[in-house]
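As structure tokens, the structure follows; a few thoughts come after it.
The values are calculated or read from the model by the stated rules, or taken from the named source; none is laboratory data. What you see is a predicted model, and the numbers here were worked out from it, not measured in a lab. Cβ sites come from the backbone with ideal geometry, for glycine too, and all protein chains shown count toward neighbours.
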Amino acid sequence: MLIAQDLACVRGDRLLFKRVGFELSAGGLLYVLGENGTGKSSLLRMLCGLLMPEQGEIFWQNKKIKENAENYLPNLTYIGHLNGLKDDLTALENLQISARLAGNDVTDKQTLAALSAIGIARCANLPARVLSQGQKRRVALAMLWLTQSQLWILDEPFAALDVAATEVLATRLGEHMANGGMTIITTHQDVAINARNTQTLRLNA
Amino acid sequence: MHIHWFKYSSPQTFYPLAGKMIPWFAALAVLLTIAGLYVSFAIAPTDFQQGEAYRIIFVHVPAAWMSMFIYIVMAGWAALGLGFNARLSAMMAQALAPTGAIFTLLALVTGSLWGKPMWGAWWVWDARLTSELILLFLYLGFMALQSSIDDPRRADRAGALLALVGVVNVPIIYFSVKWWNTLHQGSTINMGVAPKMAMTMLLGMLLMALAFWMYSIAVALMRVRCIMLERERSTDWVKALSTGGQA
Amino acid sequence: MNTRKTNAKTNAWTSAWLTVLKRDLLLALRRRSDIATTLFFFVIVSSLFPLGIGPEAAVLSSIAPGVLWVAALLAGMISLSRLFAADFTDGTLEQMLLAPQPLAWLVTAKILAHWLVCGLPVVLLAPLIGLQYALPNEALLVLVYSLLLGTPALSLIGAIGAALTLGVRGSGLLVALLVLPLYIPALIFGAGAVAASQHGMSAQAHLSLLAACSLLSLVLAPLATAAALRISVE
């Protein structure tokens, strides 16, 4: 279970949000909504422990995440608005390295299967440099077919995806929640995702 | 005692306190400087080897002490700021840096002024002078890093880390420079304090050192007040302060 | 039970570390021009001095230790900007921060890769340049030893500066201002070792001190670099 209490975020000298809190339990989906610049991405980065909250605490299984990173991070998969791909590496190499860094020792075959699940197996051996925005996004998202972590934090996963890929991803997210996973997501698209319980958190400027 | 500490660690409560303390420290600085200069120039005896020129040590030595001491204090504030995420500590570190750099510069300039009559050269690669020069680089690096980062929180934390790295390195650098110095020169010249120093000389130096202390505290407090206003300009207490001032 | 758990942990640590190392070496291999730039910089800087000073062998050999060490130091420094900057802009740095292993541990793999790519070639090339400076054979050998012992410290200390200046305006110049003063001990002991052997003295003391510098930075620099990366990525 992930609990956020009384979070506040300051960027520069501007207060983006304060008193933000929620509880997310197994099978739960949390939409973080808000206009541009309301701090959605900052909130997600905070939940990953990349950004220190100005105020408030985040708990994973009742332990503070910043003191318990060793147990928290293996349970976390974060895909931010940056795809985390190296231009000089192929799609396959990129994905495999990301998965290994996250602690999943995947084989070539598994990696290829993940790429084909999101429909870009044919780009597997192309360097990321030549891929389009949507293709790069898909390589990054293919991670979701390799990870076993419980909590997924996704920043605008549907941006730059075509209709088919959007559907595949929505199905995958549904599966994850059905297996007792949790997802926190920001999105501007209206995509139906199945979950046991769906919450919405709206950030206002 | 404990409660007070935390109370004054918030900028809002520290601001007026600092304002009250500044005049006292400034007055002490002026008085001690007058006393120190009087002792150094009127009472202390003329050195039989170096003549009157030696009197520059009454500025040089305390300035050199301060330059090193302020760096350590700065690193201490920085460590507090990093460890406890205390805004005020980081602001103190930032406020101290320019003063430290000025004392370092003063030590360098007075050192070379002293060097000219003593060694016949404006600059000698003496271990102490070289270390002061490197210390100046460290101060400049700290200030440059802080000023080139826009986000104040990141600037504070990055600066603090650099100050800590610097303070670990200072002894190593000092040792290596001394080592280098003894290898490359016969080290016949010993810049530093004459072995048989008269009591009045020591007194003059101590008075000047105290004066520099008071000056540093006063100036650092002034600077930290400016930093507070700038950083917290969007908070209520600063706004209240500015409207109160106009009314 | 407990040992098995520890073993699994050790394996995970090793595998993540190797992943980072291999990735960075692979990237360097795909961008070979980057290695060449560092080397070329080293060669050109050290070739400028004879042109400015004159070809007299005695003068050249007396300035050689300092010049070669300064050139190696500058070459190491200009390559620092590549250490984290690309990872920072493309988001792979965030992945490293979110890896279950401690960041300081993974950072050592990145620094090692950087040293293998930018430091080691300079070490290997240095004796050739030393020949141009009319250095005697023993001095050449000591030059290689000193660079071998000292350049890791340069990469390690430099990593702190590179991490602190990530994404900052004018970071290239700023990194010089931050890092060069910290390089001074390595320069003094390194160049001192070569000079000592030129004067027929033992370079042992210098080399030991240089090794001590490297060991100390091996212990402290990754921690400082990791802390700096966390600050910069925020």
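Under the condition of being of a type in the set (A, V, I, L, M) and either surrounded by 15 or more Cβ atoms within 10 Å (Cβ to Cβ) or in a loop (DSSP other than H, G, I, E, B) (or both), which residue from the range C:28-54 is modelled with the lowest pLDDT? Spell out the reasoning first.
Looking only at the range C:28-54, we keep the residues that are of a type in the set (A, V, I, L, M), and these are C:28-29, C:35-36, C:39, C:43-45, C:48, C:51, C:53.
Filter again for either surrounded by 15 or more Cβ atoms within 10 Å (Cβ to Cβ) or in a loop (DSSP other than H, G, I, E, B) (or both), leaving C:28, C:35, C:39, C:43, C:45.
Numbers: C:Ala28: 92, C:Ile35: 82, C:Leu39: 91, C:Val43: 93, C:Val45: 93.
Ranking the candidates gives C:Ile35 first.
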Residue in the range C:155-173 that is within 11 Å of chain B (Cβ to nearest Cβ), closer than 21 Å to B:Leu183 by Cβ and surrounded by 20 or more Cβ atoms within 10 Å (Cβ to Cβ) present: no
B:Asp47 passes all but one of (1) surrounded by fewer than 22 Cβ atoms within 10 Å (Cβ to Cβ); (2) at pLDDT 90 or above; (3) in contact with a helix residue (DSSP H, G or I) (Cβ under 7 Å, 6 or more places away or on another chain); (4) not small (Gly, Ala, Ser); which number fails? (2)
Looking at the range C:73-98, which of its residues are touching a Ser or Thr at 6+ places or on another chain (Cβ under 9 Å) and at the interface with chain A (Cβ under 7 Å from one of its Cβ atoms)? C:Thr92, C:Gln95, C:Leu98
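Going through C:Ala195, C:Ala176, C:Ala211, C:Ala126 one at a time, which residue ends up being farther than 16 Å from C:Val70 by Cβ and touching a residue at least 40 places away in the same chain (Cβ under 8 Å)? First the steps, then the outcome.
Numbers: C:Ala195 fails: farther than 16 Å from C:Val70 by Cβ; C:Ala176 fails: farther than 16 Å from C:Val70 by Cβ; C:Ala126 fails: farther than 16 Å from C:Val70 by Cβ.
Just one listed residue meets the conditions, C:Ala211.
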Of all residues making up the range B:130-151, the number that are within 7 Å of another protein chain (Cβ to nearest Cβ), surrounded by fewer than 24 Cβ atoms within 10 Å (Cβ to Cβ) and in contact (Cβ under 8 Å) with a residue 24 or more places away in the chain: 2
Looking only at the range B:152-183, which residues are more than 8 Å from chain C (Cβ to nearest Cβ), in contact with a helix residue (DSSP H, G or I) (Cβ under 9 Å, 6 or more places away or on another chain) and surrounded by fewer than 23 Cβ atoms within 10 Å (Cβ to Cβ)? B:Pro152, B:Ala155, B:Val167, B:Val170, B:Tyr174, B:Lys178, B:Asn181, B:Thr182
Determine if the range C:85-96 includes at least one residue that is aliphatic (A, V, I, L, M), modelled with pLDDT under 90, crowded, with 17+ Cβ neighbours inside 10 Å and in contact with a helix residue (DSSP H, G or I) (Cβ under 7 Å, 6 or more places away or on another chain). no
Just for the range A:30-79: of the residues that are of a type in the set (Val, Ile, Thr) and either in a loop (DSSP other than H, G, I, E, B) or within 17 Å of A:Leu15 (Cα to Cα) (or both), which one is nearest to the other protein chains (Cβ to nearest Cβ)? A:Ile65
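Run down C:Ala203, C:Ala196, C:Ala227, C:Ala186 and say which single residue is hydrophobic (A, V, I, L, M, F, W, C), at the interface with chain B (Cβ under 10 Å from one of its Cβ atoms) and over 20 Å from C:His114 (Cα atoms).
Values: C:Ala203 fails: at the interface with chain B (Cβ under 10 Å from one of its Cβ atoms); C:Ala227 fails: over 20 Å from C:His114 (Cα atoms); C:Ala186 fails: over 20 Å from C:His114 (Cα atoms).
Of C:Ala203, C:Ala196, C:Ala227, C:Ala186, the one residue that is hydrophobic (A, V, I, L, M, F, W, C), at the interface with chain B (Cβ under 10 Å from one of its Cβ atoms) and over 20 Å from C:His114 (Cα atoms) is C:Ala196.
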I need a count of the residues in the range A:1-29 that are within 14 Å of chain B (Cβ to nearest Cβ) and within 17 Å of A:Leu201 (Cα to Cα). 4
Matching residues in the range A:165-200 - criterion: being among the β-branched types (Val, Ile, Thr) and part of a loop (DSSP other than H, G, I, E, B): A:Thr187, A:Val191, A:Ile193
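With closer than 18 Å to C:Arg23 by Cβ and assigned to a helix (DSSP H, G or I) as the only criterion, which of C:Ala126, C:Ala86, C:Ala72, C:Ala99 stands out?
Working: C:Ala126 fails: closer than 18 Å to C:Arg23 by Cβ; C:Ala72 fails: closer than 18 Å to C:Arg23 by Cβ; C:Ala99 fails: assigned to a helix (DSSP H, G or I).
From the options C:Ala126, C:Ala86, C:Ala72, C:Ala99, the qualifying one is C:Ala86.
Being free of Cβ contacts under 8 Å to residues at least 12 places away in the same chain and small (Gly, Ala, Ser) is the filter here; which residues of the range A:133-169 pass it? Reasoning before the result, please.
Filtering the range A:133-169 down to residues free of Cβ contacts under 8 Å to residues at least 12 places away in the same chain leaves A:163, A:167.
Residues satisfying the conditions do not exist here.
Collect the residues in the range A:18-30 that are under 21 Å from the mean Cα position of the chain (by Cα) and either under 30 Å from B:Ile149 (Cβ atoms) or free of Cβ contacts under 8 Å to residues at least 24 places away in the same chain (or both), keeping them in residue-number order.
From the range A:18-30, those under 21 Å from the mean Cα position of the chain (by Cα) are A:20-30; that's our starting set.
Residues satisfying the conditions are A:Val20, A:Glu23.
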